[in-house]
Amino acid sequence: MSGLETVIINLREAGFMLILLWLLTLSVVYGVLSHIKLPQSLPARGVISIVMAFMVLLAASAGPVAAFISNIITASIMIAFGLIIVMIFLEISGAKVGGEHVFTKHPRFVAGALILLFILIFIGAGGLGLLNIPSIVISDPMLAMAFFLIVMAVAIWVMFKGTGGGN
């Protein structure tokens, strides 16, 4: 084996190909943004280029990270679609509290529910594995039982709210 081959093998093992990929992506994105002069700010172009370069690096080098990002995007789209359906049904039903819409009357509850959804999406997409935290295994029977308990709790809450606290 010649000296040049040894150098190339050592550079490949050290991740030089990934560094070249990162630099190539950075320069191409920055060049395109500079050519079309979008955005006007040079630091903004730099930040966009760096972020894009890291995204390409993550997608190319790390299978688990790319799968995690794909799972998060898929789950987020599904949750957003579900939230849109819920909002449509709330609008159709005219759910108002004291003349105000439910979302404007209870903004902290809505924000808390959204934060909880994002945490669940992160866990469901495999985010705990990226943080080296043991994953939570939720079996189908446990999920069905949790769903049943949530539906039961909501039904009881609606029932007691409708009767004025059960008095």
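The values are calculated or read from the model by the stated rules, or taken from the named source; none is laboratory data. Worth saying up front: this structure is predicted, and the values here are computed from it rather than measured. Here the Cβ is made from the backbone with ideal geometry for all residues, glycine too, and neighbour counts use every protein chain on show.
Every residue, every condition in (1) at pLDDT 75 or above; (2) of a type in the set (Val, Ile, Thr), yes or no:
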| position | (1), (2) |
| --- | --- |
| Glu13 | no, no |
| Val28 | yes, yes |
| Pro39 | yes, no |
| Val56 | yes, yes |
| Pro64 | no, no |
| Ile84 | yes, yes |
| Ala111 | yes, no |
| Leu116 | yes, no |
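Beta carbons closer than 9 Å, at least 6 apart along the sequence or on distinct chains, pair a first residue in region 11-22 that is closer than 15 Å to Leu57 by Cα with a second that is surrounded by fewer than 11 Cβ atoms within 10 Å (Cβ to Cβ) and at pLDDT below 75 for Phe16/Asn10.
Look at region 147-163: where a residue is within 18 Å of Ala95 (Cβ to Cβ), no partner that is modelled with pLDDT of 75 or more and in a helix (DSSP H, G or I) sits 6+ places away or on another chain with Cβ atoms under 6 Å. Among residues of region 87-102 that are assigned to a strand (DSSP E or B), those with a beta-carbon under 6 Å from a residue that is surrounded by 10 or more Cβ atoms within 10 Å (Cβ to Cβ) at least six positions away or on a different chain give the pairs Val97/Lys105.
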